[in-house]
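Colleague: Sharing a structure below in structure tokens format, with a few things to ask.
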Amino acid sequence: MKQTIAAIRDAVAKECWLPALALALTIPDVLSQNAYPELVNNRGNRLVGQQYRRWFHENVEHHFADHTGYDDNWEAKRPYFTADMCYKLRCELLHAGNDDIDFEYGEREEDRDYDYDFELRVHACNSFGAWWVTPHGDERITEHVRVCLDIKTLCDALCEEAERFMQHVSEEELEGYSVRIVDVA
């Protein structure tokens, strides 16, 4: 895992955004296996999505608190980038080659329709917001919600929390989570 974190940080430093992001999005996959081995189906197979979302929620989500802040357990009351969003981003990026994630943010009102937009950015800060246009006649209000996420910020948060998590895990437990590359030159 240390090798993975070093590779992510190197890719970020070189502004290789897609490799950095793709590799960073695997961190919850790897560490959640260790954290939640009990999350398996009746055949003994990992419940990957549940493990992933739980690890991200418990370890990283607090980095993305909106203006409502944190609760008494230092968890984001209403994060603008959630464990579910991160898992969807991981699936879309790694399996479909895009960042087209469906998500819901904030409280929903029955008399409104919602349009959500997610955008990855570089050299920017994270942002989120909503706007709506006054409807005419019988039209319903459509609230447009946009979440913009800086790739470096996400990669840094995942790497920092992975390092923090690994402080409480023995080297032996993490032994199987590395890639062996043999240089035959």
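Colleague: State whether one or more residues within the range 110-117 are modelled with pLDDT of 85 or more, open to solvent by 30 Å² or more (accessible area, probe 1.4 Å) and out of contact with any strand residue (DSSP E or B) (no Cβ under 6 Å at 6 or more places or on another chain).
Modeller: No, the range 110-117 contains no residue that is modelled with pLDDT of 85 or more, open to solvent by 30 Å² or more (accessible area, probe 1.4 Å) and out of contact with any strand residue (DSSP E or B) (no Cβ under 6 Å at 6 or more places or on another chain).
Colleague: Does any residue in the range 81-99 that is over 19 Å from THR153 (Cβ atoms) come within less than 7 Å, Cβ to Cβ, of a residue that is crowded, with 21+ Cβ neighbours inside 10 Å six or more places away or on a different chain, and which pairs are these?
Modeller: Taking only residues 6 or more apart or on different chains, the pairs are LEU94/LEU25.
Colleague: Testing THR153 on (1) in contact with a helix residue (DSSP H, G or I) (Cβ under 6 Å, 6 or more places away or on another chain); (2) β-branched (Val, Ile, Thr); (3) in a helix (DSSP H, G or I), one condition comes back false. Which one is that?
Modeller: Here THR153 meets the rest and fails (1).
Colleague: Working carefully through the options ARG164, ARG146, find the one that is closer than 16 Å to THR4 by Cα and basic (Lys, Arg).
Modeller: ARG164
Colleague: Then there is this: With LYS77, LYS14 as the choices, which residue is in contact with a Gly (Cβ under 8 Å, 6 or more places away or on another chain) and open to solvent by 50 Å² or more (accessible area, probe 1.4 Å)?
Modeller: LYS77
Colleague: Answer yes or no as to whether ASP183 is under 27 Å from ALA13 (Cβ atoms) and in contact with a Cys (Cβ under 7 Å, 6 or more places away or on another chain).
Modeller: It is false that ASP183 is under 27 Å from ALA13 (Cβ atoms) and in contact with a Cys (Cβ under 7 Å, 6 or more places away or on another chain).
The values are calculated or read from the model by the stated rules, or taken from the named source; none is laboratory data. Since this is a predicted model, take the numbers as computed values, not measurements. In this analysis, Cβ positions are derived from the backbone assuming ideal geometry, glycine residues included, and neighbour counts consider all displayed protein chains. For accessibility, only protein heavy atoms count, side chains too; no ligands or nucleic acids. Shrake-Rupley method; radii C 1.70, N 1.55, O 1.52, S 1.80 Å.
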